[in-house]
Structure formats: C-alpha cells, structure tokens
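Shown next, in structure tokens, is the structure this report addresses.
The values are calculated or read from the model by the stated rules, or taken from the named source; none is laboratory data. Please read all numbers here as calculations on a predicted model, not as lab measurements. Quick reminder, even Gly has a Cβ in these numbers, built from the backbone with ideal geometry, and neighbours come from all protein chains shown.
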DNA sequence: ATGAAAGTTATTGTATACAAAACGCGCTCG
DNA sequence: CGAGCGCGTTTTGTATACAATAACTTTCAT
C-alpha cells in the first residue's frame, strides 16, 4: 500500500489496540486523520480495512464506532480459525516441498531459542510462531483461504490481553510444531490436520483462561 | 452504501461479469469512472470491494487487471464454501427458531414452484435458493462466517456459465432442502452437516460438468 | 545493434473544497 | 407533557486538482 494510506492504517490500528479508545466509542474520519497526520482520503482507505477486520463497525447510518468484541466473538473466531487452518494443514501436507519443511524446522528452532532463555522472549516467540503458520498457509496454496485466515490470526493479538503464557504453554506449542513437521515429512494429511486441531484448540483454552472464564457479558 | 459508490460497484461488476472484458486485461480507474458515470473517488471504493471478491487483481505496482480464474480457483472456492457452509448448517441446527424453519419451508415451496413450470424459471430458482441458504447462514449467528460465505457464494454466479442445470438437478436440490429442513426440525446438527455436504458437493459436480471437464488450463 | 539513462506520458495516490446526509436541539402544537 | 417538525451543526460522500510513481519512448554512448 501507499505511504499515507499504510501509515494511517498502522497508526489507527495501534491506536485502537492500545486501548486509548473504548468499545462503542464514536470516531470521526477527521479525528483519525489528525491522529494519523494525513488527510481523510487515505484514512477512509484505512478505515475500510479496519472495518473488514471488524475492529471498527459502522452504524446503520455510516457513523464509525470502535468495535466491541464479546466472548462469543472470540470463540467464533477461534472456531473459524481452527476449521480453516486444519484445512490448510491438510493441504499443506500434500504440497510442502523439502525446502519448505526445512524452513519450518529452522523457524521452530528459532522459536525454541526464544523460549529457552532466562526470561522467555515472548515477542520473538510470537513472531516465529507466526512465521511457522505462514509457511503452512502459503504451502496450502489457496489464496482465499489465506485471505480469510489473515483476518482471524491477527485477532488475538488485538486484544490487549496480558500475554501470560506459561512456560509450559510455550513448550507445548513447540512440541506441536515438531509433530506437525513430522506429519508433513510423512505427507500424512490426516495426521497434520489432527495435530493442528489440537494445537489450536489448546491455544484457545490458554487464551480463554488468560482473558478470563466465561463471565456474564455486558448488561 | 452511498449512491455513487454503490452505483459504481454494481455497474463495474456487471461489466466484468458480462464478459465485455477479458481476463488479464488492464483497467484504469478513469475508464471505470467513465463507465460508471461517477468520479474516481467512489470508483476506488468499488474497486476495493471487487478486489476483495477477487474479481479484480492488482499488479505488484498497483495497476488493475481483470482477474483470471482457473479451474483450481473454482475448486478452491467450492471446497471452502462447503467447509464453511457445513459448519453453518451445524450451528443453524442448534439455533433455528420454529419461525425460521417455517420460513425455510415457505422459501422451498417457492423454489419448487419455480421448477415445476412448463419452462423452469431458473432466475426465480436461484433467487429462492439463495434466500434458503441465507436463512441458514443468518441463523448460524456468526458474522465472520457470514462475511466469508458472502464472497464465496457470489462466485459461481460470476462465471458466465451457461445455466444448463437439468430438471433433475433442480429437483434434487429441492429434495436436499427438504431433508435439511427435516434435520433442522430434529435439531440434528450432524444430519444437517451431512446433508449440506452432499448438497454442495453435488452442486460442485453439476457446475464442473457445465463449465467443462478438467481441461489442461492455460499454457 | 544494444543497453542504459533521461525525459515523456499514463496511472495511481493524496489533499482539499464542496455536496449530501444524519444528528441534536429547541420549538410548536396537540 | 410529549411527539413531531425545522434548522443549524456535524459527519460522511463525491468531485476535482495536483503530487508521486510507474510505464513507455527516445536518445545517445559503446
């Protein structure tokens, strides 16, 4: 994307994720333009993307509001992600080249290094984790699938959730990745799907635990 | 959406679907603005939507081209649709109200009427078919799922494929719908999923037959 | 002839001014 | 007292002019 438009997107997104605004708060394009330091034109571009990600929503009369994600929303997104990414794993198992499998191994080595530190480097872990999943999605060779997943994968990051992953959680992830690699090496689509399924389902529960158990949501 | 922007979207989409342009042909925003009779601003809006639907694609340097869908693309979309819509059927089975089930029955009655004519009214069939699936997707109560499906469901319509559905195809669809309704009435999610799966899979083969068997695609 | 560099044209991106639509508020009239 | 109606204000939508970038063409050196 072009400079101003990309700038607007990044700035606004950061602004939303930072928690500087509260759910259901109204925003105007002018405000956002000021925040991003560009004119309304690229802001409107950015807003459309953020609407697509459901970080912003529009009232029936086109006014902009900060989205309010309920626990149901989060569960929905995890469910969809699981469904799609299991499919991706299945396809990837039938398509991954040797080189790509080697890439996965390298990435997962990096991921383990990020964990096994005096203090685990969570940012690096997340980055490697993302790279790992990206290789798989890429290998699945399904542009629409990739497009859909891109939206869903970003989501958890969005919630300013304490990243209180335990060391065990991180290590289990790494082991899941190892098993995925094994499944890929064996070109066993069923195996890959199953491992991906449990990998993501566990991630959901870890996440749900962190974000708080199913509370009664908003009055 | 606002008037000009919606106008642009509809006009350009019709233009693309009509076959007046060929795949990989370059388009400029100016051309499209002229065609739609509005300025470039709303055209850019429309173009983004069409990009999202993958009817238009951009080169690495932002130039616009008519998308070229391969058979693989079509298979991909059917596979994704099947996955998502089976999920929708499952959720719908747990959520549909009596009133909604009654709606499904009404819609399917309309659908049958459209078939059982001297000459089957395909347009009306398609409309009813769409309404039927929309009720289910709506009942699934998953906005992101709905959003994803919206893109995929439009797709087959896009291809200027001869709608040479046979009478048998149409009748089988109606029967599938009846069975779906039965599954919903019984609140049997597994049943609903299974019926939806075969319903869509058959549709794929009907479609594939119509569009021509797996040929060697472009050189 | 060939390929690189500079200049020219075509195309997309951004800012700004204005138009249209929605909102809020006070007012009137029942 | 309250529901509906104008009217000024706010907010979004559109057109247009201009800036930036990419594609194309010509020229010139080798």
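Please work out if residue A:114 is more than 14 Å from chain B (Cβ to nearest Cβ), over 30 Å from residue B:149 (Cβ atoms) and surrounded by 19 or more Cβ atoms within 10 Å (Cβ to Cβ).
Working: more than 14 Å from chain B (Cβ to nearest Cβ): yes; over 30 Å from residue B:149 (Cβ atoms): yes; surrounded by 19 or more Cβ atoms within 10 Å (Cβ to Cβ): yes.
Here the answer is yes, as residue A:114 does meet what is asked.
Among the residues of the stretch A:59-88, just one is at the interface with chain B (Cβ under 10 Å from one of its Cβ atoms) and within 16 Å of DNA strand D (Cβ to nearest atom), namely A:62.
Any residue at all in the stretch B:90-97 that is more than 15 Å from residue B:200 (Cβ to Cβ), modelled with pLDDT under 90 and in the same structural domain as residue B:204 (by TED's automatic domain parsing)? Walk me through it before giving the result.
First, pick out the residues of the stretch B:90-97 that are more than 15 Å from residue B:200 (Cβ to Cβ): B:91, B:93-97.
Remaining after also requiring modelled with pLDDT under 90: none.
No: zero hits.
Listed by position, the helices (runs of 4 or more DSSP H) enclosed by the stretch B:1-118 that each have at least 1 residues that are within 11 Å of DNA strand C (Cβ to nearest atom) and under 21 Å from the mean Cα position of the chain (by Cα) are B:40-52. When the stretch A:119-153 is filtered for residues that are away from chain B (no Cβ under 14 Å) and under 13 Å from the mean Cα position of the chain (by Cα), the ones remaining, listed by number, are A:126, A:127, A:128, A:129, A:130, A:131, A:132, A:133, A:134.
Would you confirm, using the coordinates I've provided, whether residue B:173 is assigned by TED's automatic domain parsing to the domain that holds residue B:78 and within 23 Å of residue B:78 (Cβ to Cβ)? Judged against the criteria, residue B:173 is a match.
For residue B:39, the conditions (1) in contact (Cβ under 8 Å) with a residue 12 or more places away in the chain; (2) farther than 18 Å from residue A:41 by Cβ all hold with the exception of (2).
Counting the residues of the stretch B:63-78 that are loosely packed, with under 14 Cβ neighbours inside 10 Å and at pLDDT below 95 gives 3.
Quick grid of which residues meet (1) within 11 Å of chain B (Cβ to nearest Cβ); (2) modelled with pLDDT of 90 or more; (3) over 26 Å from residue B:142 (Cβ atoms); (4) exposed (fewer than 13 other Cβ atoms within 10 Å of the Cβ):
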position: A:28; (1), (2), (3), (4): no, yes, yes, yes
position: A:39; (1), (2), (3), (4): no, yes, yes, no
position: A:45; (1), (2), (3), (4): yes, yes, yes, no
position: A:54; (1), (2), (3), (4): yes, no, no, no
